Amino acid sequence: MNVVEEVVETRVAVQVTVVIPTYREAENLPVVVPRVAEALEQHGLSAEIVVVDDDSRDGTEEVCADLADRWPLRLITRRGERGLSSAVLRGMNEARGEVLVVMDADLSHPPEKVPELIEALDAEDADFVIGSRYVAGGDTDGQWGLFRWLNSRVATLLARPFTTARDPMAGFFALRRETYRRAEELNPVGYKIGLELMVKCGCRRVREVPIFFHQRLHGESKLSWKEQLNYLRHLARLAEYRLRHLPRLPKFLAVGASGSAVDLAAFALAMLTLPVPAARALAIWVAMTWNFYWNRRWTFFESRRDSLLRQYVLFCLACLVGAVVSWSTSVGLWQYVAFFTDRPLLAAVLGVVAGMAFNFVASCKIVFRRSEKTA
Ligand code: GDD
Ligand code: MN
């Protein structure tokens, strides 16, 4: 291909990129590629298929060169690197389509279901769609031994804290490229790349389309028992990721405590010249600004390069809402829960805790959320 052609080609926008990771799947590719391409064509979707092969040396390159004459296929050969998840990420990074679909090459995932996954993404306002074995209408070939079945079920159960999807282990899924770009700190340990993406892209609206999961057509599975251990490591990393803000809490509380002292000191000073209502307002504002300054500098120091004004406005808003949360929690408890009727102070303490919890979460997720992403 000459340079001009290459430039023209990269400009052509496609709606869908189907990423197929392969390792020694030369026999399956001539079956899966035409079926995927035809299914998409029949639904009027312009598409490209990206095969990411880890230097299989089983004829994959020749087979792909043949197929590329007839179908919109691109082969990426990685040399010196192996792994299902990293191969999938490589394919997604180079994808040109607005929607990304990932599937296996071995015909376990029915190619005719690809358009359905894409439609579910739009029709149901979802941000992640799984081709699922474990929802009504989905199934697997009966030949699964009890052990593989149990293994799959236990693995799914362990993923429960991270997603409510019924089949989070699936290697057949679709998401928008825009959702993929939201991903934070992708870490492709193990082969559950779908689960990794759901968690790290912050997918909240996950839908599942039932599929019949077939036995692979040719060859044998590449995933060894070692991968089961990797899965446990993966879960540990996901837990770490989910709790990544927790170490900031002591700093946040220390800043809050110092802020209370500043508030009282400022109030005492302001009262020398101002009437009480104005002095109170001034003191609260001074303390809030003090808290903002130290949280930005210390608690959330990684975000200190992002827009100061934006953070300041958001922080003040969060404090305001936090105050409302605190007020309504304590007044609500006192008024509606008999236990607190004689214990207004306890209700106030719980209100303060709720307000601070709100402020902390809002600071992590909104005010000091970092704007630049690694994807
Ligand atoms: N590039 C690349 N590199 N591709 C790989 C590698 C690798 O190291 N290992 C596997 N693949 C490709 C295979 O060629 C196949 O297209 C796809 O990834 C899935 O591999 P299989 O070997 O067929 O995996 P499986 O059938 O045991 O597991 C499937 O089902 C699981 C759920 O039961 C996969 O879809 C898993 O992701 C899924 O969790
Ligand atoms: Mn397979």
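Quick notes on this one:
- Being over 21 Å from Val353 (Cβ atoms), touching a helix residue (DSSP H, G or I) at 6+ places or on another chain (Cβ under 9 Å) and free of Cβ contacts under 8 Å to residues at least 40 places away in the same chain is a description that applies to Glu227.
- Checked against (1) loosely packed, with under 15 Cβ neighbours inside 10 Å; (2) hydrophobic (A, V, I, L, M, F, W, C); (3) part of a loop (DSSP other than H, G, I, E, B), Ala65 meets all criteria but (3).
- Identification of helices (runs of 4 or more DSSP H) wholly contained in the stretch 135-232 with 3 or more residues that are at pLDDT below 90 and more than 11 Å from ligand 1 (Cβ to nearest atom) yields 146-158.
- Residue within the stretch 155-168 that is within 20 Å of Arg35 (Cβ to Cβ) and assigned by TED's automatic domain parsing to the domain that holds Met198 present: no
- Of the residues making up the stretch 309-362, those that are among the small types (Gly, Ala, Ser), more than 24 Å from Trp294 (Cα to Cα) and out of contact with any Pro (no Cβ under 8 Å at 6 or more places or on another chain) are Ser328, Gly332, Ala338, Ala347, Ala348.
- Sole exception among (1) within 24 Å of the chain's Cα centre (by Cα); (2) within 20 Å of Asn28 (Cα to Cα); (3) within 16 Å of ligand 2 (Cβ to nearest atom) for Ala105, by number: (1)
- Screening Leu75, Leu84, Leu45 for residues that are within 15 Å of Gly97 (Cβ to Cβ) and either surrounded by 15 or more Cβ atoms within 10 Å (Cβ to Cβ) or more than 16 Å from ligand 2 (Cβ to nearest atom) (or both) leaves exactly one candidate, Leu45.
- Only one of Arg24, Arg90, Arg35 that is in contact (Cβ under 8 Å) with a residue 60 or more places away in the chain, part of a helix (DSSP H, G or I) and in contact with an Asp or Glu (Cβ under 9 Å, 6 or more places away or on another chain): Arg35
- For Lys113, the conditions (1) of a type in the set (D, E, K, R); (2) within 16 Å of ligand 2 (Cβ to nearest atom); (3) over 21 Å from Gly44 (Cβ atoms); (4) in contact with a helix residue (DSSP H, G or I) (Cβ under 9 Å, 6 or more places away or on another chain) are fulfilled apart from (3).
- Taken together, Ala362, Ala348 contain a single residue that is in contact with a Gly (Cβ under 9 Å, 6 or more places away or on another chain) and part of a helix (DSSP H, G or I), which is Ala362.
- Taking each residue of the stretch 194-207 that is assigned by TED's automatic domain parsing to the domain that holds Val135 and looking for partners that are of a type in the set (S, T, N, Q) with beta-carbon atoms closer than 6 Å, six or more apart or interchain, yields Met198/Thr163; Cys201/Thr179.
- Some residue of the stretch 225-246 being away from ligand 2 (no atom under 16 Å from the Cβ), under 22 Å from the mean Cα position of the chain (by Cα) and of a type in the set (S, T, N, Q): yes
The values are calculated or read from the model by the stated rules, or taken from the named source; none is laboratory data. Here the structure is a predicted model, which means the values were calculated and not measured. Counting neighbours? That spans all protein chains shown, and the Cβs are built from the backbone with ideal geometry, glycine included.
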